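Working notes, beginning with the structure itself.
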Amino acid sequence: MPLYEHVFIARQDLSNAQAESLVEHFSTVLADNGGKVLENEYWGVKTMAYKINKNRKGHYAFLRSDAPSPAVQEMERLMRLHDDVMRVLTIKVDEHQEGPSVQMQKREERGDRRERR
């Protein structure tokens, strides 16, 4: 099955538990349609570059999945209909990277940027 990475932003006025329950809800949607979530990460509340629906901040979440295309389309459809989800991004990847995403790594662990002068 194809591999996907999903990032979504939920409204800032949700609690952390509610935002994490959204991750679980969309994971079960994928599982019900024949896919599976390999890993999920809750990135927390972050400030956005511009306002979305009068919100300056949002709860960010990240999912790595192995699912057929119809399962991903159904999950995206339900995300777009959900009132608490503001933005959705899904990317098809050839393979998942090992370890945590770049957002969850410490600055020292990244190491792929050059030194400033």
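Below is a table of values for the structure above.
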| quantity | calculated |
| --- | --- |
| Number of positions in the stretch 1-19 that are free of Cβ contacts under 8 Å to residues at least 40 places away in the same chain and part of a helix (DSSP H, G or I) | 1 |
| All positions within the stretch 30-57 that are farther than 18 Å from Lys92 by Cβ and either in contact with a Cys (Cβ under 7 Å, 6 or more places away or on another chain) or not in a strand (DSSP E or B) (or both) | Ala31, Asp32, Asn53, Lys54 |
| Selected residue (criterion: nearest to Tyr4 (Cα to Cα)) from residues of the stretch 63-81 that are assigned to a helix (DSSP H, G or I) and in contact with a strand residue (DSSP E or B) (Cβ under 7 Å, 6 or more places away or on another chain) | Val72 |
| In the stretch 16-27, residue farthest from Val45 (Cα to Cα) [restricted to those that are touching a strand residue (DSSP E or B) at 6+ places or on another chain (Cβ under 9 Å) and surrounded by fewer than 17 Cβ atoms within 10 Å (Cβ to Cβ)] | Glu24 |
| Scan of the stretch 28-60 for residues that are farther than 21 Å from Ser15 by Cβ and acidic (Asp, Glu), ordered by number | Asp32, Glu39 |
| Pair list, Cβ < 7 Å and 6+ apart or interchain, from the stretch 33-50 residues that are among the aromatic types (Phe, Trp, Tyr) to residues that are in a strand (DSSP E or B) | Tyr42/Ala61; Trp43/Tyr60; Trp43/Ala61; Trp43/Phe62 |
| Output for the stretch 63-116, where each listed residue is modelled with pLDDT of 90 or more, of a type in the set (A, V, I, L, M) and surrounded by 11 or more Cβ atoms within 10 Å (Cβ to Cβ) | Leu63, Ala67, Ala71, Val72, Met75, Leu78, Met79, Val85, Met86, Val88, Leu89 |
| Test for Tyr60: is it aromatic (Phe, Trp, Tyr), surrounded by fewer than 17 Cβ atoms within 10 Å (Cβ to Cβ) and either out of contact with any Ser or Thr (no Cβ under 6 Å at 6 or more places or on another chain) or not in a strand (DSSP E or B) (or both) | no |
| Any chance Arg11 is basic (Lys, Arg) and either at pLDDT below 90 or within 12 Å of the chain's Cα centre (by Cα) (or both) | no |
| Within the stretch 1-15, considering residues that are charged (D, E, K, R) and closer than 20 Å to Lys54 by Cα, the one surrounded by the most Cβ atoms within 10 Å (Cβ to Cβ) | Arg11 |
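The values are calculated or read from the model by the stated rules, or taken from the named source; none is laboratory data. Because the structure is a prediction, the values reported are computed rather than measured. We place every Cβ from the backbone using ideal geometry, glycine too, and count neighbours over all the protein chains shown.
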